[in-house]
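Notes for the one structure printed next.
The values are calculated or read from the model by the stated rules, or taken from the named source; none is laboratory data. Owing to the predicted nature of the structure, the values given are computational and were not obtained by experimental measurement. Reconstructed Cβ throughout: ideal geometry from the backbone, glycine too, with neighbour counts over all protein chains shown.
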Amino acid sequence: MIRTRGFTLIESIVAIVILGIAMITIASFLVPQVTRSADPQYQNRSVALGQSLMNQILALGFDEHSDFDGGLVRCGDAGAATCSASNKLGVDGSEATPAAFNDVDDYIGCWYTDSTKSDCVSSTQSPLANILDENITDSYANFRVEVVVFYDQNLDGTDDNAIGTMKRVELQILGGQTRYSLIAYKGNY
């Protein structure tokens, strides 16, 4: 008669404990990777949104009083209209949508989606769906863009609180849990 022998109860319990410890160790390495797996997607989409928005902003005029016909006189020059005061930057006149915006400071404010509206800190708030004059709500569901524009004549990153020939355009793109910054300058030329 052939006698077969199996695992004893103690051997089985030891094996289960060892497997449990191994699974906990493996899971502790995988869980952080899973939570960060969306970061590259958010980074790519945040940068793409920021670059397209920055291009759109910088394609506009320096000020609402700029000569949009390419004239030789710019706002602030002798005989020309005065540029907007630094405390008057923002949407001016009848510019209610991005299609009507004509200068860089018209974009100042928080551009949000339904899930990010409560996080806006700016008093000027608009839906992100119309920032590029098209419905992008589904494409950028968890994104928010904060736009700040101010005079920065000496290019030191602080508001000069005076009219100058350089405006700093700052975009803070919040995608997922990460914030991305884009900064550019628009000159009065």
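Quick rundown of the values:
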{"read-out": "Which numbered condition TYR140 fails, given (1) under 13 Å from the mean Cα position of the chain (by Cα); (2) not in a loop (DSSP other than H, G, I, E, B)", "value": "(2)"}
{"read-out": "Selected residue (criterion: farthest from the chain's Cα centre (by Cα)) from residues of segment 85-107 that are at pLDDT 80 or above and surrounded by fewer than 16 Cβ atoms within 10 Å (Cβ to Cβ)", "value": "ALA85"}
{"read-out": "The one condition in (1) crowded, with 16+ Cβ neighbours inside 10 Å; (2) at pLDDT below 80; (3) under 21 Å from the mean Cα position of the chain (by Cα) that CYS110 fails to fulfil", "value": "(2)"}
{"read-out": "Selection within segment 37-74 - loosely packed, with under 11 Cβ neighbours inside 10 Å and more than 21 Å from ASP106 (Cα to Cα)", "value": "SER37, PRO40, GLY71, LEU72"}
{"read-out": "Output for segment 1-37, where each listed residue is of a type in the set (Gly, Ala, Ser) and at pLDDT 75 or above", "value": "GLY6, SER12, ALA15, GLY20, ALA22, ALA27, SER28"}
{"read-out": "Scan of segment 1-48 for residues that are of a type in the set (Lys, Arg) and under 30 Å from ILE136 (Cα atoms), ordered by number", "value": "ARG36, ARG45"}
{"read-out": "Unique residue being out of contact with any Phe, Trp or Tyr (no Cβ under 7 Å at 6 or more places or on another chain), part of a loop (DSSP other than H, G, I, E, B) and within 20 Å of LEU60 (Cα to Cα) when the list is GLN172, GLN153", "value": "GLN153"}
{"read-out": "Positions within segment 125-138 being at pLDDT 80 or above and either exposed (fewer than 14 other Cβ atoms within 10 Å of the Cβ) or touching a Cys at 6+ places or on another chain (Cβ under 6 Å) (or both), in sequence order", "value": "GLN125"}
{"read-out": "Test: ILE163 is buried (at least 16 other Cβ atoms within 10 Å of the Cβ) and farther than 21 Å from PRO98 by Cα", "value": "yes"}
{"read-out": "Filter pass, THR116 being hydroxyl-bearing (Ser, Thr, Tyr), modelled with pLDDT under 80 and within 16 Å of the chain's Cα centre (by Cα)", "value": "no"}
{"read-out": "Extreme residue, surrounded by the most Cβ atoms within 10 Å (Cβ to Cβ), among residues of segment 176-189 that are of a type in the set (Gly, Ala, Ser) and at pLDDT 85 or above", "value": "ALA184"}
{"read-out": "Pair list, Cβ under 8 Å, 6 or more apart: segment 115-136 residue under 18 Å from ASN102 (Cα atoms), other residue of a type in the set (Val, Ile, Thr) and modelled with pLDDT of 80 or more", "value": "THR124/ILE108; ILE131/VAL145"}
{"read-out": "Any hit, segment 145-161, residues being closer than 18 Å to TYR42 by Cβ, of a type in the set (D, E, K, R) and modelled with pLDDT of 90 or more", "value": "yes"}
{"read-out": "Residue check for THR82: out of contact with any strand residue (DSSP E or B) (no Cβ under 8 Å at 6 or more places or on another chain) and exposed (fewer than 10 other Cβ atoms within 10 Å of the Cβ)", "value": "no"}
